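Just below is one structure, and these are the notes that go with it.
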Amino acid sequence: MNSVESIYYVLSTLCHRQCAHCYEDRFRPYHGAELVEVVDQARRHFRRIIDHFPESMRYRMPEGVAPGEEVPEKTGRIILSGGEVLLPQVRESVLYPAIEQIVERYRARGGVHVVVQTTGDCVTARIVEELLERGVWMISVSGMDEFHEGMTAARLLELTAQLTAVFEAAGMHRSGPRATDRTWQEMEGPFYSFFGATPETWIGKIWPRGRAWKNGLSQATVTDNFCNAWSGGLNFLNLGLAGSEVSIEPNGNVYPCCMKTRFPLGNLLEEPLMDILGSLLGNPAFEAISRGQPEQMGVQQGWSEEWFHERSNTTTPGGKAYQNLCIGCDRYHEEVLGPVLAAMREQRLAARSTGRAR
């Protein structure tokens with residue numbers, strides 16, 4: 001099936017916070033000319049990016065289906081995130097029209113679940129109403145931890161109670177505990193959810209990226225395989241099947257995980273998502289990421305698992321020894337995969353150009 005289960009689309013890097021643990025340096029407040037450029041980038045690109053989304057957001061989940069039985073289709077989802085997409089500079093001119101474009105695109109193609117991810121600070125009863133009127137299926141509040149700027153245990157309790165009251169007054173229901181818990185995903189909704197970088201979540205050890213890396217906050221070791229988890233690279237190439245998810249940046253770059261590999265897989269301003277992903281099928285490096293085994297990315301190029309682990313060693317900005325497979329993945333991209341990705345991109349674009357010429 002020519003689709004994925006989930007797309008995580010970062011509409012804009014504009015945020016009202018500048019949290020020390022953030023995996024992305026660019027998620028921060030902007031001012032003056034920088035603010036104009038960041039917002040303008042999102043406004044310029046979102047329509048073309050969405051035009052290059054899959055034709056359908058239907059997927060199948062073969063697990064639990066008896067031999068000979070038809071595997072039913074399920075409804076995939078598109079998560080719209082930031083930054084903070086509810087800030088007024090982005091909400092009216094980017095988020096709302098993006099939701100409308102997505103809902104209309106899939107209306108006659110089996111539908112799609114639209115999820116809006118927010119820190120929760122900007123949520124009001126009116127905004128909730130406006131989101132639901134546009135067909136949003138879930139509002140997911142992501143900043144529910146004490147790492148987020150301004151958050152304390154007392155503030156978390158207060159904000160959770162406040163938002164729960166707003167959501168339930170709008171007729172929303174609390175969702176299941178995890179994105180991979182599909183028992184409620186075929187229900188109509190609308191839903192709301194809360195999560196954060198807490199020890200029991202998949203991001204609890206803090207990813208070695210962005211300000212978290214610069215501030216020495218990642219507690220992950222080499223045994224913490226972020227790739228082998230939801231929102232990591234796991235199953236991203238299981239096209240048309242459960243677990244397939246990719247991450248999209250405001251400039252159209254495509255990645256197999258939220259943490260982002262060193263180089264993008266392609267760019268949606270240039271070509272459709274499924275053309276990019278289809279070209280990666282069978283490539284040992286990307287299949288290894290999809291299996292959640294990044295240490296096997298370069299085996300066929302002479303990078304043994306032992307060497308990958310060795311290349312996963314580094315020193316933090318604070319001078320401490322650190323080892324995680326994300327570091328090895330970065331090194332493999334820098335030393336081997338960069339030219340491969342560039343060549344694959346050129347081949348796809350040349351094929352598209354030839355096809356148009358015909």
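Out of Gly120, Gly83, report the one residue that is open to solvent by less than 30 Å² (accessible area, probe 1.4 Å), farther than 23 Å from Ala170 by Cα, touching a strand residue (DSSP E or B) at 6+ places or on another chain (Cβ under 8 Å) and in a loop (DSSP other than H, G, I, E, B). After applying the criteria, what remains is Gly83. When residues in the stretch 286-331 are screened for being small (Gly, Ala, Ser), more than 17 Å from Phe226 (Cβ to Cβ) and under 26 Å from the mean Cα position of the chain (by Cα), 1 of them pass.
Residue check: Arg134 meets all listed conditions (1) surrounded by 15 or more Cβ atoms within 10 Å (Cβ to Cβ); (2) closer than 24 Å to Arg48 by Cα; (3) touching a Lys or Arg at 6+ places or on another chain (Cβ under 8 Å) but one, namely (3). Considering the stretch 257-266, the residues that are closer than 19 Å to Phe46 by Cα and modelled with pLDDT of 95 or more include one that is surrounded by the most Cβ atoms within 10 Å (Cβ to Cβ), namely Gly266.
Report, by residue number, each residue of the stretch 322-340 that is among the hydrophobic types (A, V, I, L, M, F, W, C) and either touching a Ser or Thr at 6+ places or on another chain (Cβ under 9 Å) or not in a helix (DSSP H, G or I) (or both).
Leu325, Cys326, Ile327, Cys329, Leu337
Residues in the stretch 185-204 include at least one that is modelled with pLDDT of 75 or more, over 20 Å from Glu133 (Cβ atoms) and assigned to a loop (DSSP other than H, G, I, E, B).
In the stretch 29-56, which residue that is over 21 Å from the mean Cα position of the chain (by Cα) and hydrophobic (A, V, I, L, M, F, W, C) is farthest from Arg109 (Cα to Cα)?
Selected residue: Ala33.
Of all the criteria given as (1) surrounded by 22 or more Cβ atoms within 10 Å (Cβ to Cβ); (2) modelled with pLDDT of 95 or more, the one not satisfied by Pro88 is (1).
Scanning the stretch 263-321 for residues that are among the charged types (D, E, K, R), in a loop (DSSP other than H, G, I, E, B) and free of Cβ contacts under 8 Å to residues at least 40 places away in the same chain yields no hits at all.
Residues in the stretch 92-115 that are within 19 Å of Gly189 (Cα to Cα), in contact (Cβ under 8 Å) with a residue 40 or more places away in the chain and β-branched (Val, Ile, Thr): Ile102, Val112. Identify the residue in the stretch 9-29 that is in a loop (DSSP other than H, G, I, E, B) and touching a strand residue (DSSP E or B) at 6+ places or on another chain (Cβ under 6 Å) and, among all such residues, is nearest to Gly210 (Cα to Cα). Going through the qualifying residues, I end up with Gln18.
Go through the stretch 134-154 and report how many residues are at pLDDT 80 or above and assigned to a loop (DSSP other than H, G, I, E, B). Of the residues in that region, 5 qualify.
The values are calculated or read from the model by the stated rules, or taken from the named source; none is laboratory data. None of these values were measured; they are calculated from a predicted model. Every residue, glycine among them, receives a Cβ derived from its backbone with ideal geometry; neighbour counts consider all protein chains shown. Surface accessibility is based on the protein's heavy atoms, side chains included, excluding ligands, DNA and RNA. Shrake-Rupley method; radii C 1.70, N 1.55, O 1.52, S 1.80 Å.
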